[in-house]
Amino acid sequence: MSTENSFLHGVCEAPDDDSPRLVFADWFEDNGQSERAELLQCRREKMGEWNDGYEGLAQRERELLEKHGKKWGKTALKFTKRIEWRRGFVDGMTLAAAKFVECTETIFAATPLTSLRLIQARPAWDALVASRHLARLRVLEVYFRGLGVAQTLALAGCEHLANLHELN
């Protein structure tokens, strides 16, 4: 495993911890990737929108992602074009449930995903609800018409959703 992959693994394994991100930022800085390091600093996340400097950091983040987002999000973009960045990494995705179930190992190895919007959930519902990878999520949104009693009960009884902060 390369040094960069080792740092990425650390971030993916502890998505709520800033320490691996900051260590990774130092590594990027030391290896001539100062803009990538800048994005990983996580300073804006610790500020409220009312704090001095917040809007400047948000604007700089938008500029960096406009310039480098496709390159930095390359692996996540293989699964979906609908990604969201947070604290320097792809943190949210919108994709079909079957794609999520099929690719969970690769997705979680490539990104510290904590927010997921699922579409077309019905075809993969049983596999989805059985997926231990749901435990990594903090936000889950499920889109499909007619969530029936059986699906609602399966979701309510899913032991892997204990870490959720939000379910829509």
Inset, instruction - Could you work out how far the C-alpha centroid of segment 1-39 sits from that of segment 80-152, in angstrom? - result: 24
Legend entry - Heavy-atom accessible surface of the chain: percent carbon and sulfur, 1.4 Å: 50
Legend entry - Per residue accessible area of the chain, 1.4 Å probe, in Å²: 56
Inset, instruction - Just need the relative contact order of the chain here, percent rounded to a whole number, with Cα pairs under 8 Å and 6+ apart. - result: 17
Inset, instruction - With the Cα gyration tensor of segment 75-168 in hand, give its eigenvalues times 5 under a square root as the equivalent ellipsoid semi-axes, listed largest first in whole angstrom. - result: 21, 14, 12
Inset, instruction - Two decimals is fine: what is log10 I(q)/I(0) at q = 0.17, 0.18, 0.22, 0.28 Å⁻¹ for segment 35-85, from a Debye sum with one equal scatterer on every Cα and no solvent? - result: -0.57, -0.62, -0.84, -1.09
Legend entry - Unit Cα scatterers, Debye sum, segment 25-135: log10 I(q)/I(0) for q = 0.11 Å⁻¹: -0.43
Legend entry - Assigned charges on the beta-carbon of Lys, Arg, Asp, Glu; segment 20-101 dipole about Cα centre (debye): 600
Inset, instruction - Treat every Asp and Glu Cβ in segment 1-156 as -1 and every Lys and Arg Cβ as +1, leave all other atoms uncharged, and give the resulting dipole magnitude about the Cα centre to the nearest 20 debye. - result: 760
Inset, instruction - Determine which lysines satisfy two conditions relative to residue 70: a Cα distance under 22 Å, and not lying fewer than 8 residues away in the same chain. - result: 78, 81, 99
Inset, instruction - Work from the charge dipole of the chain (Cβ charges, +1 for Lys and Arg, -1 for Asp and Glu, about the Cα centre) and give the residue of 64, 6, 75 farthest towards its positive end. - result: 75
Legend entry - 222 nm mean residue ellipticity, helices alone, for the chain (DSSP H n ≥ 4; -39,500 (n - 2.57); rounded to 500): -14000 deg cm²/dmol
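The values are calculated or read from the model by the stated rules, or taken from the named source; none is laboratory data. Note that the coordinates shown come from a computational prediction; the quantities given were computed from them, not determined experimentally. When we count neighbours, we look across all protein chains shown, and the Cβ atoms used for this are built from the backbone with ideal geometry, even at glycine. Heavy atoms of the whole protein, side chains included, go into the accessibility calculation; ligands, DNA and RNA do not. Shrake-Rupley method; radii C 1.70, N 1.55, O 1.52, S 1.80 Å.
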